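See below for the structure under consideration.
Each value in this text was obtained by applying a stated rule to the coordinates, not by laboratory testing. In this text the structure is predicted, and so the values were computed from the model without any measurement. All Cβ positions, even for glycine, are placed from backbone atoms using ideal geometry, and neighbour counts span all protein chains on display.
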Amino acid sequence: MQKRWVLKPKKNVDKINKLQQELRVNPIIIELLINRKIETYEAAKEFFRPSLEHLHDPFLMKDMDKAINRIEKAIGNKEKILIYGDYDVDGTTAVSVVYSFFRDFNSGLEFYIPDRYSEGYGISNQGIDYAAKNGFSLIIALDCGIKAIDKIEYANSKGIDFIIGDHHLPGQELPNAIAVLDPKRSDCPYPYKELSGCGIGFKIIQAFIKQNQMQMELAYQYLDLVAVSIASDIVPITGENRTLTYFGLKKLNSNPCWGLKALINLSTHKAEQFTINDIVFQIGPRINAAGRIKHAKDAVKLLISKSLPEATEYSESVDVQNNERKDFDLKITQEALELLDNDVQLQKQKTTVLYKKDWHKGVIGIVASRLTERYYRPTIILTNTNGHIAGSARSVVGFDLYEALSECSDLLDQYGGHKYAAGLTMQLENINLFQMRFEEVVSRSIKPEMLQQEVAIEKEIRLLEINSDFYKLLRQFQPHGPENESPTFLAKQVTMGYNANVVGGTHLKFSVKQSDSPKFDCIGFGLGEYCEAINTGKPFDICFSIGENTWRGKKNLQLIVKAIRF
């Protein structure tokens, strides 16, 4: 599919000039900063020189005082405490962080992860019954619970107190818990709203340490897990999240916890430093696989391990589950693509809604993502699990999937999520009606340009402007992620430096130059189809980010080409 190239509008000249006078760096860097809403010397200093001192006071979060007081009471009275979390990476890292810290203070501490298949997402009656049966009087819920109104009332009726630590958008009513920690509460003054679920868990630890006048390094030892949660949950890497990720990556690369160390040892990645991308593609999927294939408690056991041999044993089990996940993923994606490729009517639609009763529930979210990449339109994959139809939905840039599902809510038993990803359940007899309604709702509200994948270009530059000094400044924009993506540039009318070649089946290896520039090596993942056209020698335009390639111990600048246009 041809991508739509979108060049960001030019910035306010006065803003550029003012920041240029203050920072005295390359003007291109100034524009990149302003694109990220960094418009003052102080903001730029904080961006380029992250410090743990930039982390906000955890007691700025609404109800944090209530949460810490209740935890201290539970510890003082030797109550049993249950750490409860979701089964994805964010949930399992959150549980691992909070459990690992408090196990030194409470001998009656346990953790609980709901079963994806028998309990589903979030707080379950089954989990509350487990707590009641085993004498737990306090549950700390992480990465879930903000909409569990009925479940918290059920817990209250059994004499169990709840502390909720969530980062999802609340509904109009908040649960009747002892404390509801969520920066997205309309009445919460906490200055940063985009923490991960694990980030909320980290703030709980920070607050406990502060109130008890302990060393804050006791919290910082968990920053590697916090960074894994931020990368895997695809939350913005801005503000406090960027600081947490910056130092979390340092910890991951120097002294990771035993569980992450074991996963790194399993990884096929051989570079000097693990990056956000390596977490997303190497570590995150393995942690997620436990909840998708077997049970996410295996992932928590791995991440709370107290020795490398113990962690290695759990990591090997998780790795086997990840390989199973890959097999299911490959098989179901292929079946789904065949359904689409063989149905002309489905291809003409603005949505994809596919159902097969024996698809594995644990991978339908991944399959929905892959089909969204292929056909680039709102996509829902449905399967039958224990007699109920469960679905996973993914959207495209700019389209609010959650709003569209809200318009179909009378056909659904449950649904939840956010703008770009959601989960849902329905009755079998409603599938056809839902397919038609969802197509009608999306067709009415989606803009044509949203159905074409876009490349967001920050600035047009000349290749002559790229050198090692420029790249040194550019590297300081890391770690990259949502709202702080690796800068993408446009270079027009470049020509072939040496013959292009297809490598790895679909990737393109070539070089480019402009009239006044040196040659730059390029790699274009999935762009092998342009090989013949480039080798004609005709000029073309490229969208690219800038990276480094190491060959025989020597590092060279390399352009990572995202799109080509003749």
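A few comments on the model shown:
- Based on the convex hull around the alpha carbon atoms, the range 329-451 presents an average projected area of 6.7 nm².
- Summarising the label geometry, the points placed 7 Å from Cα in the beta-carbon direction at Lys419 and Phe566 lie 3.7 nm from one another.
- In this structure, the pairs whose alpha-carbon distance is over 29 Å, taken from Lys331/Lys447; Lys147/Lys331; Lys80/Lys203, are Lys331/Lys447; Lys147/Lys331.
- Taking the DSSP beta bridges with both ends in the range 298-393, the antiparallel portion is around 60 percent.
- A cut-off under 15 angstrom between Cβ atoms defines the neighbours of His360, and their net charge, with Lys, Arg +1 and Asp, Glu -1, is +4.
- Inverse mean reciprocal Cα-Cα distance (Kirkwood Rh) of the range 224-362, Å: 16.7 Å
- FRET E, pair Lys158, Leu266, Förster distance 30 Å, beta-carbon r, rounded to 0.05: 0.15
- Taken over the range 58-319, the alpha-carbon convex hull comes to 115 cubic angstrom per residue.
- Label assignment, Cα extents along the principal axes in Å derived from the structure, set (1) 80, 50, 46; (2) 78, 53, 45; (3) 76, 58, 49: (3)
- Other residues with beta-carbon under 11 Å from the beta-carbon of Ala422 carry, at +1 per Lys or Arg and -1 per Asp or Glu, a net charge of 0.
- Using just its DSSP H runs of length 4 or more, each adding -39500 (n - 2.57), the chain gives a mean residue ellipticity at 222 nm of -12000 deg cm²/dmol after division by all residues.
- Working note: Debye formula, equal point scatterers on the alpha-carbon atoms of the range 411-566, no solvent; log10 I(q)/I(0) at q = 0.10 Å⁻¹ is -0.54.
- Note on Phe477, Phe101, Phe202: ascending count of other Cβ atoms within 10 Å places them as Phe477, Phe101, Phe202, the fewest first.
- Amide N proximity, the range 504-537 versus Leu557 label position 7 Å along Cα-to-Cβ, cut-off under 11 Å: 517-521
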